[in-house]
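S.K.: Let me give you the structure first, and then I'll get to my questions.
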Amino acid sequence: MNREAADDAEAALVVRRTIRASPERLFAAWTQPEHLVRWWGPGPVTCPEAEIDLRVGGRYRLANRMPDGRIDWISGVFEVVEPPSRLVYSWTIGASAATPERVTVRFEPRGEETEVVIHHERIATPEARRTHRQGWEGCLDGLTAFLA
């Protein structure tokens, strides 16, 4: 593997979870604000507000309320919207001037279940990658419980 490819691989992470729900149900839970506010957020983090303009070029904004009451906003622009199988969007936390990260979410049918595959790339540091992995695992815990 060349050095550039190794850097790209290190700047990304993939998180997978198989959930007992259809791709359509998962896509709706991921893209409809009234659903997102019920499951988004790892552990004690909650989502008091979600705004979604679900179209290519449309923006989204999610409020992450931390245990201390502080709110961190996650926002971005949809690059690909393919219901019920795939979303690609930019990802920025707060008012960061850095290059936005990119998230691809795929909903892959597996019989009566669906594998959710999150590919998060352009992550600046190993610490940010660890934090994102924990965040995605926690969000998928919440999504699984929401759909149970």
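Coordinate-derived values only; no laboratory data. Since we're looking at a predicted model, the values are computed, not measured.
S.K.: Based on the alpha-carbon gyration tensor of region 3-147, what equivalent-ellipsoid semi-axes (square roots of 5 times the eigenvalues) come out, in whole Å, largest first? All intermediate terms of the calculation are to be shown ahead of the outcome.
M.R.: Details: eigenvalues 92, 73, 49 Å².
After scaling each eigenvalue by five and taking roots: 21, 19, 16 Å.
S.K.: Between THR125 and GLN32, what length in nm is gained on full extension when 0.36 nm per residue of separation is reduced by their alpha carbon distance?
M.R.: Values: separation 93, 0.36 × 93 = 33.48 nm, distance 3.06 nm.
Using 0.36 nm per residue and subtracting the Cα-Cα distance, I get 30.4 nm.
S.K.: If you stretched the chain out fully between ASP72 and ARG110, how much longer would it get, using 0.36 nm times the residue separation minus the C-alpha to C-alpha distance? Present the calculation step by step, with values, prior to reporting the outcome.
M.R.: Numbers: separation 38, 0.36 × 38 = 13.68 nm, distance 3.44 nm.
Fully extending the segment from ASP72 to ARG110 adds 10.2 nm.
S.K.: Nearest 500 deg cm²/dmol is fine: what mean residue ellipticity at 222 nm does the chain get from its DSSP H runs of n ≥ 4 alone, each adding -39,500 (n - 2.57), divided by its residue count? Working shown, then result.
M.R.: Numbers: 4 runs with 46 residues, N = 148.
Result for the chain, helices only: -9500 deg cm²/dmol.
S.K.: Right, here's the next one. Pulled fully out, how much extra length does the chain show between VAL117 and ASP141, if you take 0.36 nm times their separation in residues and subtract their Cα-Cα distance?
M.R.: Working: separation 24, 0.36 × 24 = 8.64 nm, distance 1.37 nm.
That works out to 7.3 nm of additional length.
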